[in-house]
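As structure tokens, the structure follows; a few thoughts come after it.
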Amino acid sequence: MRKTVGFVAKTILALAIALGALLSAGAQSTGKTSTTIQLTVIVPPVLQLSLNFGNGGAAQINGYLGDSAQASSAGFAIAPNATIALGAARLVSNLSSGYSIIVQSANGGALKSPTSNSEISYNLLIGGVPVARSGDSFTLASMSRTMRDGTELPVSIALGTIPAGASSGIYSDNLLFNVSAN
């Protein structure tokens, strides 16, 4: 019997609280009272770069100088003044301070033959823009933010003249892509 009385008392108390809440809500909605609510949202900084032609920001590029039939299995055909599309880099940034894409070249911006001392210089283009070279790296600085899902930037290399003494065969370079806040 005692348990039943306690249960009934608790139920009546809960109903009274609920009824009071409903009546006070009704009273608030008819009054002319306003309240200011301040919301603070913190958006963390985002800066990411990914490649669709490499693994973990690294890419090996291979070309072949000579017979074009062999070039298809060894990489792209090396030809004077050719522009070769490597793929795309997807950049995601919400930074107001800007960023720099830094690309390290194992061969200092040149395709090198592993069997001879021949090398063929190239320029790197990201988003169709020639990237400044300094030593063994290329750097592209930007101040723009991207959409939430990022911006896809085509990546390519542009060859100039082929040195007269360049031997036929495979030429390659290894590139490492990084992005950092300015």
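All of the numbers you see were taken from the coordinates with simple rules; none came from a lab. Predicted, not measured: the structure shown is a model, and the values here were computed from it. Counting neighbours? That spans all protein chains shown, and the Cβs are built from the backbone with ideal geometry, glycine included.
The gain in end-to-end length when the ASN117 to THR83 segment is fully stretched comes to 9.9 nm, 0.36 nm per residue minus the alpha carbon separation. Backbone phi angles across region 143-158, fed through the Karplus curve with coefficients 6.51, -1.76 and 1.60 (θ = phi - 60°), yield HN-Hα couplings of 10, 8, 8, 10, 5, 4, 8, x, 10, 8, 10, x, 10, 8, 10, 10 Hz in residue order; Gly and Pro are listed as x.
Per 0.36 nm of contour for each residue apart, how much would the distance between ASN182 and SER97 grow if the chain were fully extended, relative to their Cα-Cα spacing? Mind dumping the intermediate values first?
On the way: separation 85, 0.36 × 85 = 30.60 nm, distance 0.61 nm.
Difference between extended and current length: 30.0 nm.
By average Cβ neighbour count within 10 Å, what is the ranking of 166-178, 94-106, 125-137, 37-49 from highest down?
Values: 166-178: 18.0, 94-106: 16.1, 125-137: 14.5, 37-49: 8.0.
Per-residue mean Cβ counts within 10 Å order the peptides as 166-178, 94-106, 125-137, 37-49.
Amide hydrogen proximity for ASN62: with H placed 1.01 Å from N in the peptide plane, the residues at 5 or more positions away or on another chain lying under 5 Å are PHE76.
Short-range pairs are left out: with C-alpha atoms under 8 Å and at least six residues apart, the relative contact order of region 47-181 is 39 percent.
Extending 7 Å from the Cα toward the beta-carbon at both ALA141 and VAL41 defines two label points whose distance is 3.2 nm. Residue-wise HN-Hα couplings along region 98-110, as the Karplus relation 6.51 cos²θ - 1.76 cosθ + 1.60 with θ = phi - 60° gives them from phi, are x, 7, 10, 9, 10, 10, 8, 10, 5, 10, x, x, 9 Hz; Gly and Pro carry x. Amide H to amide H, with H built 1.01 Å from N, LEU153 comes under 5 Å of ALA89, ARG90, LEU91, counting only residues 5 or more places away or on other chains.
What size of dipole, in debye to the nearest 20, comes out for region 47-181 about its Cα centre when the only charges are +1 on Lys and Arg C-beta atoms and -1 on Asp and Glu C-beta atoms?
On the way: 5 positive and 6 negative charges, 61 e Å.
It works out to roughly 300 debye.
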